[in-house]
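The values are calculated or read from the model by the stated rules, or taken from the named source; none is laboratory data. Nothing here was measured: the structure is a model prediction, and the numbers come from that model. Here the Cβ positions follow ideal geometry from the backbone for every residue, glycine too, while neighbour counts run over all protein chains shown. Accessible surface is based on the protein model in full, side chains and every heavy atom, while ligands, DNA and RNA are left aside. Shrake-Rupley method; radii C 1.70, N 1.55, O 1.52, S 1.80 Å.
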Amino acid sequence: MLFNSYFFIFVFLPLSLAGWYLLNRLKRYKLAQGYLIGMSLWFYAWYNVSFLWVMLGSCLFNFGVSFFLSGRDTPRMRRFLLITGCVVNIGALGIFKYYNFFVENVNAVFGADFQTRNILLPLGISFFTFQQLSYLIDRCRGDAPHYGLMDYLSFVTFFPSLISGPIVLHASTVPQFQDETRRRFSAESFSRGVMQFSIGLAKKVLLADTLALAVNYGYENIAALDAPAALAAAVGYTLELYFDFSGYSDMAIGVGKMFRIEIPENFNSPYRATSVKDFWKRWHMTLSRFLQTYVYFPLGGSRKGKLRTFVNTMITFLVSGLWHGANWTFVFWGFLHGLGVAVAGIVGNRKASGEKNAGRKLQDKGIRNRALRLLCQLATFAYVCMAFVFFRADSIQDGFLLLSRIFSFHVDGQLVQMAAAMEPSEIYIVTKALSLIAPSLVGAAQIAAMIFMLAVSFFVLTRKNTVQIISRKEISFRFTMWLAFLFAWSVISLSGVSTFVYFSF
């Protein structure tokens, strides 16, 4: 089920909220929790009911491991269950997500003839697998208690974060479901949840989905693109992905607030980052936290010398790339980001050392420092944009081809075709009228609309982010009306519903 759909907004969400608060008001707390679990399972099964059994099987297996450990908690049993649990979870993820990728590469390298299979990828399998792995690892380390089945299912299946995150951890989520004071309706939490949901919906529907039209055209016709069109495709996808995924996260977090369940923030103005390392402190923060806690630190982190730190960083980002999808493009994207983070770490250490020696000289907040910061932000954005080319391309070769088109400096009017593909429905009447009275101006109107969309996107990036907006103490009437307008505009635009980018991961 999609957040950006009439059924979710006007049927599913009101039913979920009404049942949750009504049953809690009657102090039927277990029944309310069971009701929410049932609604979450309905939400997940909406797309394909067969996926439900995969997700439930994963939940019951990991719950069973935890239950078994509570009856026989010894160091030897912990190690055995940890290895078994990791093998089963990663094995299931490997079969559903990476089987064909593995077979294709074995065939290519060894000249074998193993047959691929038509395996459907269950929605959100990467998210709920990582989520449960975090609990399993903590449980076997002795850092987590055994939860009851209802609490465990609530932690894994809570529908706002079930399919595409943010990745939630048991330590912050389960206590919220156990806290009866959170079962009472809060106008403050509900209103801020509605605000965050509305902002996320506008990001997704009005910005991401419109940009996607031009981006899809560009990546489907890479060989035909001229330099401006190739650049627009690369930058457009960087913007589309952010507004799509941060929009989804805002909606998920907003719905969580409506239920008085706090879901961790996932983005913090990532395109204002001054280095690739800084970018990963702001982008998909829950995934970064997971990889740092359960991959980077166990490998030794930065505690074993510069070479080992570099190797650990690269391994972590290669895992991140492979987690996103079964394609060498994702692995290469992870490699580029690992390299960027490693270089940023080296430069950062030298800078920190230099600052200690320079003393008060570097405390100056003048124009030079601001200009340097802006230059670092632009360079980081350019690097991230370049890496996302491979994230979106069908192959590494296509990624390099698009980059080569950008630096060809060739112009032949392809931008007009891309603008025509992106034409927003809001200007349909204008372009229709122009096609009758001044056909030569249609292309100019479409390009103007495309430039306007890109300008609006960059303008939004320079303003306060969602967390800063909804954290304001006082909500003015003017802001409320503006948000209501955005929500209404987004709802009207739902006729062109599309899935979220991260549904594929």
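Observations on the model:
- Residues in the range 332-382 that are among the polar types (S, T, N, Q), at pLDDT 75 or above and open to solvent by 50 Å² or more (accessible area, probe 1.4 Å): N369 alone.
- Selection within the range 74-89: residues that are touching a residue at least 40 places away in the same chain (Cβ under 8 Å) and surrounded by 12 or more Cβ atoms within 10 Å (Cβ to Cβ). The member of this set that is nearest to S126 (Cα to Cα) is N89.
- On the stretch given as the range 33-44, residues that are under 14 Å from F7 (Cβ atoms) and open to solvent by 10 Å² or more (accessible area, probe 1.4 Å) total 2.
- Scanning the range 481-496 for residues that are at pLDDT 90 or above and either farther than 13 Å from Q196 by Cα or more than 26 Å from the chain's Cα centre (by Cα) (or both) gives M481, W482, F485, A488, W489, S490, V491.
- The listed residue being more than 30 Å from Y294 (Cβ to Cβ), open to solvent by less than 10 Å² (accessible area, probe 1.4 Å) and in contact with a Cys (Cβ under 8 Å, 6 or more places away or on another chain), out of A234, A229: A234
- Screening D226 on (1) modelled with pLDDT of 95 or more; (2) touching a His at 6+ places or on another chain (Cβ under 6 Å) shows it passes everything except condition (1).
- Flag if L162 is under 25 Å from G38 (Cβ atoms), open to solvent by 10 Å² or more (accessible area, probe 1.4 Å) and hydrophobic (A, V, I, L, M, F, W, C): no
- Scope the range 468-479; condition within 29 Å of Y6 (Cβ to Cβ) and either surrounded by 14 or more Cβ atoms within 10 Å (Cβ to Cβ) or modelled with pLDDT of 90 or more (or both); matching residues: I469, I470, I475
- Just one of the listed residues (S435, S404, S425) is loosely packed, with under 14 Cβ neighbours inside 10 Å and in contact (Cβ under 8 Å) with a residue 40 or more places away in the chain, namely S425.
- Single residue of the range 45-66 satisfying the filter (aromatic (F, W, Y) and modelled with pLDDT of 95 or more) that is farthest from V174 (Cα to Cα): F61
- Just so you know, in the range 109-157 the residues that are assigned to a loop (DSSP other than H, G, I, E, B) and of a type in the set (D, E, K, R) include one that is modelled with the highest pLDDT, and it is D143.
- Residue in the range 164-182 that is farther than 30 Å from R28 by Cβ and of a type in the set (K, R) present: no
- Per-region count, the range 287-314, residues open to solvent by 70 Å² or more (accessible area, probe 1.4 Å) and of a type in the set (A, V, I, L, M, F, W, C): 3
- For the range 238-256, the set of residues classified as open to solvent by 10 Å² or more (accessible area, probe 1.4 Å) and more than 14 Å from N465 (Cα to Cα) consists of E240 only.
- Residue in the range 170-181 that is closer than 30 Å to E423 by Cα and open to solvent by less than 20 Å² (accessible area, probe 1.4 Å) present: no
- One residue stands out in the range 453-467 among those that are in a helix (DSSP H, G or I), open to solvent by 60 Å² or more (accessible area, probe 1.4 Å) and farther than 18 Å from Y237 by Cβ: the one that is modelled with the lowest pLDDT, namely T462.
- Residue among V54, V65, V88, V106 that alone is within 23 Å of the chain's Cα centre (by Cα), hydrophobic (A, V, I, L, M, F, W, C), under 30 Å from L322 (Cβ atoms) and part of a helix (DSSP H, G or I): V54
- Any hit, the range 480-503, residues being of a type in the set (V, I, T) and touching an Asp or Glu at 6+ places or on another chain (Cβ under 6 Å): yes
- Any hit, the range 259-269, residues being in contact with a Cys (Cβ under 7 Å, 6 or more places away or on another chain) and open to solvent by 10 Å² or more (accessible area, probe 1.4 Å): no
- Every test in (1) in a loop (DSSP other than H, G, I, E, B); (2) free of Cβ contacts under 8 Å to residues at least 24 places away in the same chain is passed by T181 save one, and that test is (1).
- Scan of the range 90-129 for residues that are open to solvent by 20 Å² or more (accessible area, probe 1.4 Å), in contact (Cβ under 8 Å) with a residue 60 or more places away in the chain and in contact with a Phe, Trp or Tyr (Cβ under 7 Å, 6 or more places away or on another chain), ordered by number: L121
- S490 vs. criteria closer than 18 Å to E240 by Cα and open to solvent by 30 Å² or more (accessible area, probe 1.4 Å): no
- Given (1) modelled with pLDDT under 95; (2) open to solvent by less than 20 Å² (accessible area, probe 1.4 Å), index of the condition E188 fails: (2)
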